[in-house]
Amino acid sequence: ARAGYPIIYVVTQEERRALGLVQAAADALRKSVAEWSAARGFGDDAEATSSDPTVALDMVGRSTDPALFVLLDFHPHLKDPSLVRRLRERAEEAARRRQAIVIIAPTLVLPPELEKDVGVIDLPLPKAWEIAEVLDEVLRAEKVELDPDIRDKAIRSALGLSQNQATRVFRKVIV
């Protein structure tokens, strides 16, 4: 939202990692995070649990809190012209309220009507320090210690993998 985009579209297969980054940004900006998915809605009450994307955008429109509204796997809904129109209207309101709408999806579906209002982030593969955190997490969970040289080689070998892939590889090798 600070960069001038009321809608941020994060393209990634790593939903959990993207959510962690959104939460870190929200903490830094002192904003709350509200997360919507078609499976559970926003999850607070009967209306909030609605899987209807129109209801989700209406709820975003009614909120006055400075917040980041995360819409998970929202890309299929961006083929509906009336929903795109509603999203554009919510984006204008969000910008005025110091809010942002964050779409996290595995593929980019960006209708021409939204191109000027959306900042697209293609989440890059994790850095070595992030892979090291993944390895350390697996080692702690499995109660295993590694020689520092082997640990460094494992981290270097996992560069180029997503965090999810690195986790699976480390678990398979260690278990």
Point to revise | Alpha-carbon centroids, region 55-130 and region 152-175: separation in whole Å | key: 31 Å
Review point. Reachable aspartates and glutamates from Lys127, Cα under 18 Å, same-chain residues fewer than 8 places away excluded?
Key: Glu14, Glu15, Asp136, Glu137, Asp152
Review point. Where the eigenvalues come from the Cα gyration tensor of region 9-60, what are the semi-axes √(5λ) of the equivalent ellipsoid, largest first, in whole Å?
Key: 21, 14, 9
Revision key, fill the gap. Other residues with Cβ under 14 Å from the Cβ of Ala154 give, with Lys and Arg +1 and Asp and Glu -1, a net charge of -3
Point to revise | Zone of Val109's modelled label, taken as backbone nitrogen in region 10-44 under 15 Å from a point 7 Å along Cα→Cβ | key: 10-12, 37-39
Check your understanding: Do the sum for the chain: with -39,500 (n - 2.57) for every DSSP H run of n ≥ 4, divided by all residues, what is the mean residue ellipticity at 222 nm, to the nearest 500 deg cm²/dmol?
Key -> -14500 deg cm²/dmol
Point to revise | Accessible area of Arg171 in the full protein assembly, 1.4 Å probe (Å², nearest 10) | key: 110 Å²
Study note, to complete from the structure: Treating only Lys and Arg (+1) and Asp and Glu (-1) as charged, each at its beta carbon, one finds that region 126-173 has a dipole about its Cα centre, in Debye to the nearest 20, of 240 debye
Review point. To the nearest 0.05, how large is the calculated FRET efficiency for Asp136 and Val33 if R₀ is 22 Å and r is the Cβ-Cβ distance?
Key: 0.30
Point to revise | region 48-175, dipole about Cα centre (Lys/Arg Cβ +1, Asp/Glu Cβ -1), debye to the nearest 20 | key: 80 debye
Point to revise | Whichever lysines have a C-alpha closer than 22 Å to that of Lys79, once near sequence neighbours (fewer than 8 apart) are set aside | key: Lys116
Point to revise | Partners for Lys172 among lysines (Cα-Cα distance below 17 Å; same-chain residues under 8 apart left out) | key: Lys143, Lys153
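The values are calculated or read from the model by the stated rules, or taken from the named source; none is laboratory data. Keep in mind that what you see is a predicted model, and the values were worked out from it rather than measured. Cβ: placed from backbone, ideal geometry, glycine included. Neighbour counts: every protein chain shown. Side chains included, ligands, DNA and RNA excluded: accessible areas come from the protein's heavy atoms. Shrake-Rupley method; radii C 1.70, N 1.55, O 1.52, S 1.80 Å.
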